[in-house]
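The values are calculated or read from the model by the stated rules, or taken from the named source; none is laboratory data. This structure is a prediction, so every number in the text was calculated from the model and none was measured. Quick reminder, even Gly has a Cβ in these numbers, built from the backbone with ideal geometry, and neighbours come from all protein chains shown.
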Amino acid sequence: MMKMKREDNLTDMAEDYIAVIYRLYEKKNTRVKISELTKYIPSSPSTITEMIQRLAAKKYLEYEPFKGVKLSQKGVKLAEKILRRHRIIERFLTDILDLNPADAHIEACKLEHSVSPVIEEKLYQVLHKPATCPHGNEIDTRIKEQRLVDMYSLDVNEKAVIKKFLDEREEVLKSIYSLGLKIGEIFKITSKDEHRILVNLENRKPTLLDRRLAETILVEKII
């Protein structure tokens with residue numbers, strides 16, 4: 001069986017590193033520290049540092065000890081390709097095969113390294129060129145300033161609509177979907193303290209969210 005050609009013969013794991021760094025940069029717009037990567041990549045700090053140094057040698061990123069990493073233009077370009085493919089596959093799995101969004105993310109992680117650009121584009125056309133993945137992240141990816149705020153930053157009685165789930169780790173997505181939260185849902189903050197918020201979803205019982213989880217959910221205020 002012919003394997004899909006890779007840039008610089010990168011491994012699946014190397015591509016995963018590049019995608020993770022891109023996602024974290026999207027969230028914070030600043031350098032990503034090794035300690036942050038350990039939360040997303042199941043490896044020791046020394047192993048992660050070794051891979052980072054390899055990718056830096058191939059000019060995919062810039063690494064400064066104690067300051068962290070950021071993708072180079074070459075790295076951003078590759079990350080956008082990887083995430084576009086991943087998010088199109090997620091759409092196919094949810095819209096056509098009817099998988100739930102959390103499971104679709106897990107399966108897309110397995111498939112994204114083997115789907116060719118030809119198949120990727122065919123899927124995109126079949127899906128009628130969707131704008132976002134099931135979690136609200138843009139399919140035509142680009143690092144840019146968003147006119148969105150995180151859920152926890154809202155004041156009591158403010159209304160908003162859910163637009164994006166930033167943290168796509170399996171356990172985080174499952175927590176979000178188990179609470180019944182969905183992209184496009186309208187809600188109002190009914191109470192808030194320094195550890196949690198209570199949101200009132202339309203036609204549903206109030207839902208209590210941990211602050212850390214609420215900060216990973218981007219919303220658009222309804223004025």
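Things to note:
- Residue match in the stretch 178-193 (condition: charged (D, E, K, R), within 21 Å of the chain's Cα centre (by Cα) and modelled with pLDDT of 90 or more): yes
- Helices (runs of 4 or more DSSP H) lying entirely in the stretch 11-84 (those with 2 or more residues that are surrounded by fewer than 19 Cβ atoms within 10 Å (Cβ to Cβ) and small (Gly, Ala, Ser)): 45-57
- Within the stretch 16-38, considering residues that are in contact (Cβ under 8 Å) with a residue 24 or more places away in the chain and of a type in the set (Lys, Arg), the one nearest to Arg84 (Cα to Cα): Arg23
- Val156 loosely packed, with under 15 Cβ neighbours inside 10 Å and touching a residue at least 24 places away in the same chain (Cβ under 8 Å): yes
- Selected residue (only one of Ile189, Ile162, Ile183, Ile176 is farther than 23 Å from Phe92 by Cβ and either touching a strand residue (DSSP E or B) at 6+ places or on another chain (Cβ under 7 Å) or surrounded by fewer than 18 Cβ atoms within 10 Å (Cβ to Cβ) (or both)): Ile189
- Scanning the stretch 56-76 for residues that are farther than 21 Å from Lys28 by Cα and either aliphatic (A, V, I, L, M) or in contact (Cβ under 8 Å) with a residue 24 or more places away in the chain (or both) yields a count of 2.
- Within the stretch 87-107, the set of residues being over 13 Å from the mean Cα position of the chain (by Cα) and surrounded by fewer than 18 Cβ atoms within 10 Å (Cβ to Cβ) comprises Asp95, Ile96, Leu97, Asp98, Asn100, Asp103, Glu107.
- Selection count, the stretch 97-108, where residues are assigned to a helix (DSSP H, G or I) and in contact (Cβ under 8 Å) with a residue 60 or more places away in the chain: 4
- Hits in the stretch 80-101 - residues which are of a type in the set (D, E, K, R) and out of contact with any Cys (no Cβ under 9 Å at 6 or more places or on another chain): Glu80, Lys81, Arg84, Arg85, Asp95, Asp98
- Test: residue in the stretch 87-96 that is under 22 Å from Gly184 (Cβ atoms) and assigned to a loop (DSSP other than H, G, I, E, B): yes
- Hits in the stretch 91-110 - residues which are among the hydrophobic types (A, V, I, L, M, F, W, C) and either modelled with pLDDT under 95 or in contact with a Gly (Cβ under 7 Å, 6 or more places away or on another chain) (or both): Ala102, Ile106, Cys109
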